[in-house]
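Novice: I'd like to ask some things about the structure below.
Here, each number is a calculation from the coordinates, and none is a lab measurement. Computed from a prediction, not measured in an experiment: that's the story for all the values here. Neighbour counts are summed over all protein chains in view; Cβ atoms, including those assigned to glycine, are modelled from backbone coordinates with ideal geometry.
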Amino acid sequence: MKIKINRELQIGLLVIVTIAILYFGINYLKGINIFNPTNYFYAKFERVDGLVASSPVTIRGYKIGSVKSINYNYNDPKDGVVVVLQVDDQLRVPVGSKAVLQSELLGGASISLDLQSDIPGVFYKKGDTIPSVINGGIMDAVTAEIMPRVQNIIPQLDSLIYSLRMITENNSIEKSLGNIQRMTANLESSSISLNTMMKKDLPVILNNVNTITTDFSKVGQNLSRVDFHATMQSLNHTLSNLQMISDKVNNGEGSIGLLINDKSLYNNLNSTMESANNLLLDLKSNPKRYVHFSVFGKSDKK
């Protein structure tokens, strides 16, 4: 006997299966295992920056549950934010443990259970509220470390910006730029002149240098042909002769030696000079004694 299923029943079954698959899929994407029995605990925070439903609940980095929901008390804004923690049924939370809200580097947040036992053997029951602590994480630590330095740097930046503005508004900058422009133009003109000189004058100078080098080379070749040994021997011989002549003159040998070393010649020359001087003086005093003048002709006297 065949059982006939009408069209409406088929559609109803398909809708139920679709809803079930959608429910299990959404919970799976949230990290919730609906087949695993769970316990519920509560934690109250002043703020829940970055925390959302399905955020992980961990112990020492191991995921043991997730955030089921986040509730805000609109009637009492000072009451804080209540977070419902859905954890494994096998987890036993000792009295004295804390729920730590940790901010992550990329902007998210998670809750970590810090298990501490104040009273051994005593545990929180299902639905109890666990004390909470907010841990700012790396971003808060970086902010606390950097912000004081930034606050110290800001006045210096203001002073630097003010100094730069004063410099840019000063007319001396424009004058300096004008001087630099003129200097650049002068350098360009000097460069053109130098290039012209390099093209015209430098080849002539190099040609003259080559000529001088060639002449020095010829002089060197001529010097290389000179017999310096024979020349030095001849020079030594000449110096020896000069030395011998000098010795003879000093010893009174020869005419020059006698003239230089004979004192009688010196005395005779002095006596002759003195006699000549006396003669000149007498000639000046008595010129008629030595010279006779006749206006009318030769005298008859002998």
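Novice: Using the Karplus curve 6.51 cos²θ - 1.76 cosθ + 1.60 with θ = phi - 60°, work out ³J(HN,Hα) for each residue of the stretch 9-14 in order, rounded to whole Hz, and write x for Gly and Pro.
Specialist: These are the phi-based 3J(HN,Hα) values: 5, 4, 5, x, 4, 5 Hz.
Novice: While we're here: How large is ³J(HN,Hα) for each residue in the stretch 169-175, as worked out from phi by the Karplus curve 6.51 cos²θ - 1.76 cosθ + 1.60 (θ = phi - 60°), to whole Hz, x for Gly and Pro?
Specialist: Each residue's phi maps through the Karplus curve to give 7, 7, 5, 5, 5, 5, 5 Hz.
Novice: Let me ask you something else. Any idea what the relative contact order of the stretch 36-135 is, in percent, if you count C-alpha pairs under 8 Å spaced at least 6 apart?
Specialist: 35
Novice: Same structure again: What is the Cα coordinate range of the stretch 36-135 on the first, second and third principal axes, sorted by size from largest, in whole angstrom?
Specialist: 36, 31, 26
Novice: Are there chymotrypsin sites (Phe, Trp or Tyr not before Pro) in the stretch 46-117 that DSSP puts in a loop and that have at most 11 other Cβ atoms within 10 Å, and which ones?
Specialist: Those that pass, being in a loop and sparsely packed, are Tyr74.
Novice: If the label point is 7 Å along Cα→Cβ of Leu115, which residues in the stretch 43-83 have backbone nitrogen under 15 Å from it?
Specialist: 57-65
Novice: Which links in Lys175/Lys199; Lys63/Lys98; Lys263/Lys288; Lys44/Lys126 stretch past 27 Å when you go from one Cα to the other?
Specialist: Lys175/Lys199; Lys263/Lys288
Novice: Can you list the HN-Hα couplings for the stretch 270-278, worked out from phi with the Karplus curve (6.51, -1.76, 1.60; θ = phi - 60°), rounded to whole Hz and with x for Gly and Pro?
Specialist: Couplings: 5, 5, 5, 5, 5, 5, 5, 5, 5 Hz.
Novice: Quick one: which residues, 5 or more positions from Ser55 or on another chain, have an amide H under 5 Å from its amide H? H modelled 1.01 Å from N in the peptide plane, none for Pro or chain starts.
Specialist: Sorted by chain and number, the residues that satisfy this are Val67.
Novice: With the alpha-carbon atoms as the only input, what is the per residue convex hull volume for the stretch 68-197 in Å³?
Specialist: Output value, Cα hull per residue: 285 Å³.
Novice: Near the amide H of Val95, under 5 Å away, which other amide H atoms are found, from residues 5 or more places off or on another chain, if H is placed in the peptide plane?
Specialist: Asp118, Ile119, Val122, Phe123, Tyr124
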